[in-house]
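Written out below as structure tokens is the structure these notes cover.
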Amino acid sequence: MSDTHATSTTLGGYLRARRALVSPADVGRTSTSRRRVPGLRREEVAELVGLSTDYYVRLEQGRADRPSDEVLDALCRALLLGSAERAHLYDLARPVRRRPTRVIADHPRTLRDPLRQMVEAIPTTPAMIMNDRNDVLAWNHLAAALIADFPNLAVQERNMGRQIFLNPQSKLVHPDWDDAARTTVGMLRMAAGRHPHDPELVQLVGELSLSSPSFRTLWASHHVHQKTHGPKRFHHPDLGDIDLRYETFQLPDAADHLLVIYTAAPGSTSEEALNFLGSLTAASPKTPHNPNTRSV
């Protein structure tokens, strides 16, 4: 199968999934007949976008020529896409040319030492750097104490997808597991749209699909998510639930890398718990990151 055809069929799958989420009422239409499947019909989307039904059907089947920006913009409006969904649609419709496997594989794990040292130096709140494959590349002592024991994990296991879906303890660590799982899959979907030929991402998605029915279900929904900010709850075995908020910052020289910082509300019990946890872990022996070691 050619790259162009593979991309077209992926675009078609995304269009079908999004079409199923939009009811006639959502776009100001009245449904006059009973529907066997949820969402808009193909001919309704075609009418909203200003296309022939035949062309839209060919888009969903991966048989149409590359759609214009005007068509993509109209699809975004008709399917009520937000900014993350819109970006993903464009990624699928405008794929980058296949790059050498070596470049794709090496880039996501590259991190400058000063960035790692900066994260380690953050003293009072959990922080980490991750790429869009959800590999955790750097962390501080509070992230290791609260989220996962990153220093003692093999490199392949320092991945939030594997931690969420394959770690038996994940639902204890993440009381908001349903939200965490959906967010993680949504981030991986966006990464797959940007980097369809990343071999490590393809391997990760295959591994999670084979090992986790929950992942398979969420992946089939074509949900996408751009991690920016929001609430997050963790559970610590000794301190109980800790409610935080996170903010993300894109690194200027690595567009696919995010600095994630979690903070507690001032004066809250969660802030007290973080301070206590920090006092315990800051004095503990430090394990080097060893970022280039790969488990095989």
Measuring from the longest principal axis of the C-alpha atoms of the chain, the long axis of helix 177-194 (C-alpha) lies at a number of degrees, nearest 10, equal to 60 degrees
Karplus couplings for region 224-240 from phi (6.51 cos²θ - 1.76 cosθ + 1.60, θ = phi - 60°), rounded to Hz, Gly and Pro as x?
10, 8, 10, 6, 10, 6, x, x, 8, 10, 10, 10, 9, x, 9, 10, x
Students often check this: by mean Cβ neighbours within 10 Å, which of 75-85, 231-241 ranks highest, and how do the rest follow?
75-85, 231-241
In degrees, nearest ten, helix 269-281 long axis to first principal axis of the chain (Cα)
60 degrees
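Every number in this text was worked out from the coordinates using simple rules, so none of it is lab data. Here the structure is a predicted model, which means the values were calculated and not measured. Neighbour counts run over all protein chains shown; Cβ positions are idealised from the backbone, glycine included.
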